[in-house]
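Data first, discussion second: the structure below is written as structure tokens.
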Amino acid sequence: MATIGFIGIGNMGTGMARNLVGSGHDVTVFDLDTEKAKGIEGATVAASGEEAAKNRDIIITMLPAGPVVAKVYRETIRPNAAPDTLFVDCSTIDVETARVLAEEAHGDGFAMLDAPVSGGVAGAEAGTLAFMVGGSAAGFAKAESILYVMGAKVVHCGEAGAGQGIKICNNMMLAIQMISVAEGFALAEKLNLDPQKLFDVSSAASGQCWSLTTYSPMPGIGPKTSADNGYKPGFAAALMHKDLSLAMEAADASGADVAFGRAAFDAYDRMVEAGEAGVDFSGIIRGKRGVQ
Ligand code: NAD
């Protein structure tokens, strides 16, 4: 069993840390919000990030964004971690920061993986996340079995930054699909069609996708989702906006044609500007339906 330091016990980190504890690992958790850290039964709550980083086989981070991740690795983790500690950042951040942090860690003799996830809070709780991993083969070999405790699919995507690259492509696809499902339901409503009939057909036809069958934005349709809970996240619009801005940065830098991705970015930009950053990203349907 591994000794694991887990920093960032938010919507995602909570389920992930619980699953590590459940599989018998020795887990020490830290979050700026102590109440969240205390919510992981069976884990040791560290008084500081420094304490969580000391004497661990693996340190896992699940933090909001690149600047926070960079600060925590530079100021808290690297100065305190024991030699041979493996760093695994599961946050979604930009490819460049992921590469730079891995290089800096390597300079200090540490291996570091970027290992962002897909699957949402439900996947974090159920231990069925998909992990997209960038970094060395040796680091991946060390982390793989631990990642499988939290996930159902773990893919080594390439060198440092490759996990983040695949993640932003995936989430751009997700945003476009969520908007397509929202518009399908909004159009069906305008045509006085039964949304359940649209679900029954499309979930078994060519409109099928995760945003429809697993994460339907229409309340009362499909499995219980954030839509049935007042669009409480889940996956906040602010985080989707962040992922799309990372995708747009990467598209601009590489010259990729992402017209629909850009339209999705603009749509989430408007949602955030309208004060709905904390609403689940599936709540984008409310504007389309003209409801609150
Ligand atoms: P969250 O805001 O719920 O959790 C982040 C946690 O980090 C918070 O509890 C916060 O208190 C803590 N934190 C912030 N700065 C800290 C610091 N310096 N030291 C210690 N703790 C600190 O966010 P989340 O929804 O859990 O998402 C985390 C990451 O996972 C993000 O990068 C997000 O893009 C990604 N992600 C989220 C989902 C989702 O469905 N929520 C899905 C896939 C990926």
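The values are calculated or read from the model by the stated rules, or taken from the named source; none is laboratory data. In this text, all values refer to a predicted model and were calculated from it rather than measured experimentally. We place every Cβ from the backbone using ideal geometry, glycine too, and count neighbours over all the protein chains shown. Note: areas computed on protein heavy atoms with side chains; ligands, DNA, RNA excluded. Shrake-Rupley method; radii C 1.70, N 1.55, O 1.52, S 1.80 Å.
Scanning region 14-26 for residues that are within 15 Å of the ligand (Cβ to nearest atom) and either free of Cβ contacts under 8 Å to residues at least 60 places away in the same chain or not assigned by TED's automatic domain parsing to the domain that holds V149 (or both) yields one hit, A17. The set of residues in region 33-50 that are closer than 12 Å to G5 by Cβ, within 11 Å of the ligand (Cβ to nearest atom) and either of a type outside the set (A, V, I, L, M, F, W, C) or open to solvent by 70 Å² or more (accessible area, probe 1.4 Å) (or both) comprises S48, G49, E50.
Residue-by-condition table, conditions (1) assigned by TED's automatic domain parsing to the domain that holds S91; (2) part of a helix (DSSP H, G or I); (3) among the acidic types (D, E):
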position	(1), (2), (3)
A130	yes, no, no
A138	yes, yes, no
A141	yes, yes, no
E144	yes, yes, yes
K153	yes, no, no
Q177	no, yes, no
V181	no, yes, no
A204	no, no, no
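Of the residues in region 102-124, not one is in contact with a strand residue (DSSP E or B) (Cβ under 7 Å, 6 or more places away or on another chain), at pLDDT 95 or above and among the hydroxyl-bearing types (S, T, Y). When A81, A53 are checked against the criterion of being open to solvent by less than 10 Å² (accessible area, probe 1.4 Å), more than 10 Å from the ligand (Cβ to nearest atom) and more than 28 Å from N170 (Cβ to Cβ), a single residue qualifies: A53. In the condition set (1) touching a Leu at 6+ places or on another chain (Cβ under 7 Å); (2) not in a loop (DSSP other than H, G, I, E, B), S91 is compliant with all but (2). Does S118 qualify as being under 15 Å from the mean Cα position of the chain (by Cα), open to solvent by less than 10 Å² (accessible area, probe 1.4 Å) and within 23 Å of S211 (Cβ to Cβ)? It is false that S118 is under 15 Å from the mean Cα position of the chain (by Cα), open to solvent by less than 10 Å² (accessible area, probe 1.4 Å) and within 23 Å of S211 (Cβ to Cβ).
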